[in-house]
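So the structure is just underneath, and the comments pick up after that.
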Amino acid sequence: MRPMLIGAPAIEPVSLADAKSWLREDGVEEDELIQALIVAARMTLEAYTRRFFVTQSWRLVFDCWPTSVASNATLSIPFAPFQSVTAIRVHDASDAPQTLNAATYRAPTSTEGGRVNFASAPPAPGRASDGIEIDFNIGYGALASDVPQPLRQAILTLVAHWREHRGDGGDDALPRTVAQLAASFRRERLL
């Protein structure tokens, strides 16, 4: 399984204006830095919680179907919150992608990882590598307000911490307040 980001979030969970207000920053001199800190804080907290905050599109590429699909016709997608499958393609022997009919599988929305349940065994790929592509959307939603407030507050707190301590060596761990804000959203396992 090889994941690939195919559509990054269109917005950040915290706007530049919100961050500047939180930081009590009126000038524009540090706008670029603050925006970069917002992105870095989101990505850090996504890694810490093992969740994606704002809607984004990903692709999983497989050489062949995992054994779970062959044995119980279910494929786990270890990304959360799971929104939807947008396409499943299987490359045939002539290397042409064949899109599976959406009526042949079900992929319910989940606050945890996704599951694709097939009505019957899907067709085997006709090529030895990268024969299966599954495109899907994940995240709490397309709007910043869809992201739970504690996670948005964790981003603001981390941005403030990094701005205040820029250039300091220090500890690589998340500040305690940030970790506490994000703790209830943290997934302990990927599946």
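The values are calculated or read from the model by the stated rules, or taken from the named source; none is laboratory data. Everything numeric in this text was worked out from a predicted model, so none of it was measured. Glycine also receives a Cβ, built like all others from the backbone with ideal geometry; neighbour counts cover every protein chain displayed. Calculation scope for accessible area: heavy atoms of the full protein, side chains included, ligands and nucleic acids excluded. Shrake-Rupley method; radii C 1.70, N 1.55, O 1.52, S 1.80 Å.
Restricting region 1-29 to residues that are part of a loop (DSSP other than H, G, I, E, B) and touching a residue at least 60 places away in the same chain (Cβ under 8 Å), the residue that is most open to solvent (accessible area, probe 1.4 Å) is Met1.
Could you list, in sequence order, all residues of region 32-60 that are of a type outside the set (Lys, Arg), open to solvent by 30 Å² or more (accessible area, probe 1.4 Å) and closer than 25 Å to Ile88 by Cβ? Before the answer, list the steps.
Going residue by residue through region 32-60, those that are of a type outside the set (Lys, Arg) are 32-41, 43-49, 52-58, 60.
Then keep just the ones that are open to solvent by 30 Å² or more (accessible area, probe 1.4 Å); that gives 32-33, 35-36, 39-40, 43-44, 47-48, 52, 55, 57-58.
Residues satisfying the conditions are Phe52, Thr55, Ser57, Trp58.
Of all strands (runs of 3 or more DSSP E) completely enclosed by region 42-95, which ones contain at least 2 residues that are touching a residue at least 60 places away in the same chain (Cβ under 8 Å) and either among the aromatic types (Phe, Trp, Tyr) or out of contact with any helix residue (DSSP H, G or I) (no Cβ under 9 Å at 6 or more places or on another chain) (or both)?
Values: elements: 56-62, 74-77, 82-91.
Output list reads 56-62.
Among all residues of region 47-63, there is at least one that is touching a Ser or Thr at 6+ places or on another chain (Cβ under 8 Å) and of a type outside the set (S, T, N, Q).
Given the residues Ile11, Ile6, which is the only one that is at pLDDT 95 or above and either over 22 Å from Ile88 (Cβ atoms) or over 12 Å from the mean Cα position of the chain (by Cα) (or both)? Break it down stepwise before answering.
Numbers: Ile6 fails: either over 22 Å from Ile88 (Cβ atoms) or over 12 Å from the mean Cα position of the chain (by Cα) (or both).
After ruling out the rest, the residue left standing is Ile11.
One residue stands out in region 66-81 among those that are surrounded by fewer than 16 Cβ atoms within 10 Å (Cβ to Cβ) and among the β-branched types (Val, Ile, Thr): the one that is modelled with the lowest pLDDT, namely Thr67. Residues in region 139-156 that are open to solvent by 10 Å² or more (accessible area, probe 1.4 Å) and part of a helix (DSSP H, G or I): Ala144, Ser145, Asp146, Gln149, Pro150, Arg152, Gln153, Leu156. Within region 166-187, the set of residues being open to solvent by 60 Å² or more (accessible area, probe 1.4 Å), modelled with pLDDT of 90 or more and of a type in the set (Gly, Ala, Ser) comprises just one member, Ser184.
With the condition kept exactly as written, say whether any residue in region 82-92 is closer than 27 Å to Val159 by Cα and either surrounded by fewer than 20 Cβ atoms within 10 Å (Cβ to Cβ) or hydrophobic (A, V, I, L, M, F, W, C) (or both). The answer is yes, given that some residue of region 82-92 is closer than 27 Å to Val159 by Cα and either surrounded by fewer than 20 Cβ atoms within 10 Å (Cβ to Cβ) or hydrophobic (A, V, I, L, M, F, W, C) (or both).
Every listed requirement among (1) of a type outside the set (A, V, I, L, M, F, W, C); (2) over 22 Å from Pro3 (Cα atoms); (3) assigned to a loop (DSSP other than H, G, I, E, B); (4) open to solvent by less than 60 Å² (accessible area, probe 1.4 Å) is met by Arg163 save one, (3). Restricting attention to region 113-134, the residues that are acidic (Asp, Glu) and crowded, with 18+ Cβ neighbours inside 10 Å total 1.
Considering Thr104, Thr99, which residue is among the polar types (S, T, N, Q), over 23 Å from the mean Cα position of the chain (by Cα) and open to solvent by less than 80 Å² (accessible area, probe 1.4 Å)? Show your work before the answer.
Values: Thr99 fails: open to solvent by less than 80 Å² (accessible area, probe 1.4 Å).
On inspection, the qualifying residue turns out to be Thr104.
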